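Below you'll find the structure, written out as structure tokens, and then a few comments.
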Amino acid sequence: MTQRTILQTLLAKTLAIVRLINRMKRPTLGLAQWAKILLCALVVVSPTGCQSYRNLPQTIGNNTDYVDSIMRQVDAGAPASDASVATVSHSVIEPMTLRTPDDFENAQYREISLAQAIESAVGNAQVLRDLGATVLRSPSQVVTTEALGLIQTDPQASIEAALSAYDAQLYAFGKWQNNDRRFNNRFFGGGSTAFKQDTHDYVAQLSKRTATGAQFAVRSVTDYDANNATGNLFNSAWQTQLQAEARQPLLQGGGLTFNRIAGPAAEPGVYHGILIAKVNNDITASKFRSQTRDFVSDVMNAYWDLYFAYRDLDAKRDALDRARQTWESFQAQKTSNRKSGAAEALAREQYYRFKSELQDAIAGKLTQRTQVDNSSSGGTFAGVGGVQAAERRLRLLIGLPISDGVLLRPSDEPNDAPLIFDWDSISAEAIQLRSELQQQRLTVKQREMELLAAKNFLMPSLDLVSIYRLRGLGKDLAGDGSAWNELGSLDYQEYEASLELRMPVGFRQGHLAVRNAQMQIAREKAILREQERQILHDLTAVVADVDRSFAQMQTNINRFLAASEAMDVLEANRKAGLPVNLEQLLDAQRRVSEAQSRYYSAIAEYTISTKNVQFEKGTLLESANLMIMELP
């Protein structure tokens, strides 16, 4: 509905009220009649009529059935509904527990790539999950996909909220009064010692602020007066005015710059203008990007944790098979009295040692894993195995059921090729693209705009006010010889202009606002410089970690090959019946198992460290083929 249509509707409904009043025999009305007028006035105030109200019995009435039902649930501790409990219990299969290596061998698997894991995580991520159970410990700090929508619809701090300060405002007022009194002096009674009077006062106003701080208003003022004063031209008369008023701040509160930053009716240090709201919106969007980056980084960490868990389990399983063969060999020799019981016991201890390690490699322990901000921003590889524990963490992050009868198994292989980074290029990317720096740079710009607004309060308040009036007087409100007829003749016109000056002596608060804004700028800039240093330090650290982990990967494959070769020689001698030092053989088996696990750990470290370079230079989402779109 356009403003013109609204005004036409308002005028038509106002005329209907006037006709209703004119038809009444007596100016003094009963309660029921005034109730009808008030109802019509409500409709006038709302151009869309009573349809703009939703569920009147609940919103403004006394029907409390719905809120009472809510409070009954609150008093009962807000228990979960039976339907909700049933849905949850049927949607989750009983957790899978693999107690033996045979159980693990017989389990069903589903291959999943890193891209599929990220796609599932983003597709199921109404809440950006983490591995620290923040959703239980601090639910108010949990980030959801509604983060951008919440700031865009904030009724206090959003852009739309700032724009609402410039919305046209409709104001209506009605007052009815009956006076019946005696005076000791005829002068005060209008020529009579007994004074009787009925009055009506009606005001309708449409006002609007502008971006320069000006306020314009169009106002209709109508009053009715019926009294027994002897000097009256009419026993009862209607007087109507049509006013146009403009108020323009010339100093404090005026100008496009101040109003776009601080908004109308701002106070020192409190700024809610459109530009501040826009900056806050952009800061929130940048925060959401960094939080999404952290979430994706944790998904990648969990994926490669699970990859390492499977490879570590392979190493433990191979070690157990070798230990079983050795134990069975010495057990047979003990039975034939060719070896002492000590040798068999040492081999048996080795077997159960590797079996214990294999059990942990299957089930895993509830210890801290690779996640964001554990010694590095993107997450330092923890190097702790356990397939089932790692698989549950990945399921949690990517939004799959915690158990569905199958085990997820990574299908991607890590990149083991050497990577060389151009420092000038990646450092420039980090300074330009890191979300944290973008947020801080926006904060600096916000503080600079607040300084401009604060300087406005060092000026006095000087307002230019002008009013133009048209007047009309008549026995009736409408018709021939009426107040409205005389108003339309334009015979009675008035105008006034004034200057209003207000200023505090000394401008103490204004000077405080300016000084505070300057200190805020200095603080935010110092933080920005320190953030840049921290990011360059972290980037240097992860690039060095890439080189270290790649060297470790090469070293540990050579270590594994050497240990395997030594063990193969000892095993060949044992199988050939040649004398073999038992402790040397058992030690060789341990060395092979440790070297194999360490090699797989080095591969995972290298993969995560290369991911962390993307994290530190602000391109992790792009490397994962993700883009955040800000929808209206």
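Please treat every number below as a calculation from the coordinates, not as lab data. A quick note: this is a predicted structure, and the numbers were derived from the prediction, not measured. With ideal geometry, Cβ positions are generated from the backbone for all residues, glycine too; neighbour counts draw on all protein chains shown.
Quick notes on this one:
- Whole-angstrom gap from segment 262-327 to segment 178-256, using each part's C-alpha centre: 65 Å
- Helices in the chain, meaning DSSP H runs of at least 4 residues, each add -39500 (n - 2.57). Divided by all residues, the mean residue ellipticity at 222 nm is -18000 deg cm²/dmol.
- Normalised by 2.2 N^0.38 Å, where N is the number of residues, the alpha-carbon radius of gyration of segment 407-516 equals 2.59.
- Between residue 169 and residue 265, the modelled labels are 0.5 nm apart [label points 7 Å from Cα along Cα→Cβ].
- Cα centroid separation - segment 441-515 against segment 346-371, whole Å: 79 Å
- Stokes-Einstein diffusion for segment 505-632 at 10 °C, viscosity 1.306 mPa s, with a Kirkwood radius from C-alpha pairs, works out to 79 µm²/s.
- Kirkwood-Stokes translational diffusion coefficient of segment 184-290, alpha-carbon pairs, 20 °C, 1.002 mPa s, µm²/s: 115 µm²/s
- With all pairs of separate Cα atoms included, segment 357-400 yields a Kirkwood hydrodynamic radius of 11.1 Å.
- Working note: Cα atoms of segment 294-449, range along each principal axis, descending, whole Å: 92, 39, 26.
- Principal axis analysis of the Cα atoms in the chain yields extents of 143, 58, 42 Å, listed in decreasing size.
- When the Cα positions of 234, 300, 107 are compared along the charge dipole of the chain, 234 comes out farthest toward the positive end, with charges on each C-beta of Lys, Arg, Asp and Glu.
- The chain - charge dipole about Cα centre, Lys and Arg +1 at Cβ, Asp and Glu -1, debye rounded to 20: 2060 debye
- Cα centroid separation, segment 601-624 to segment 104-177 (Å): 27 Å
- Extension gain for residue 256-residue 503 works out to 86.8 nm (0.36 nm per residue, less the C-alpha to C-alpha distance).
- Taking the longest Cα principal axis of the chain as reference, the axis of helix 582-616 is set at about 30 degrees.
- Residue 554-residue 145 pseudo-label distance in nm [points 7 Å out on the Cα-to-Cβ vector]: 4.5 nm
- Each label point was placed 7 Å from the Cα along the Cα-to-Cβ direction; for residue 349 and residue 416 their separation is 3.4 nm.
- With only the Cα atoms considered, segment 435-491 has a convex hull volume of 180 Å³ per residue.
- Debye intensity ratio I(q)/I(0), log10, segment 248-363, q values 0.11, 0.16, 0.20, 0.22 Å⁻¹ (C-alpha model): -0.64, -0.86, -1.01, -1.08
- The Rg/Rh ratio for segment 94-186 is 1.53, where Rg is the radius of gyration of the alpha carbons and Rh is the Kirkwood radius.
- The listed peptides 414-425, 125-136, ordered by packing as a protection proxy, come out as 125-136, 414-425 (highest mean of other Cβ atoms within 10 Å first).
- 28 Å Cα-Cα threshold exceeded, pairs from 287/445; 455/617; 445/617; 445/611; 287/365: 455/617; 445/611; 287/365
- Hydrodynamic radius of segment 457-546 per Kirkwood, over alpha carbon pairs, in Å: 20.0 Å
- Burial ranking of peptide ranges 359-365, 616-622 (average Cβ count within 10 Å, highest at the top): 616-622, 359-365
- Spread of Cα-to-Cα distances over 10 Å intervals beginning at zero, given as percent, for segment 108-255: 9, 17, 16, 13, 14, 11, 8, 7, 4, 2, 1
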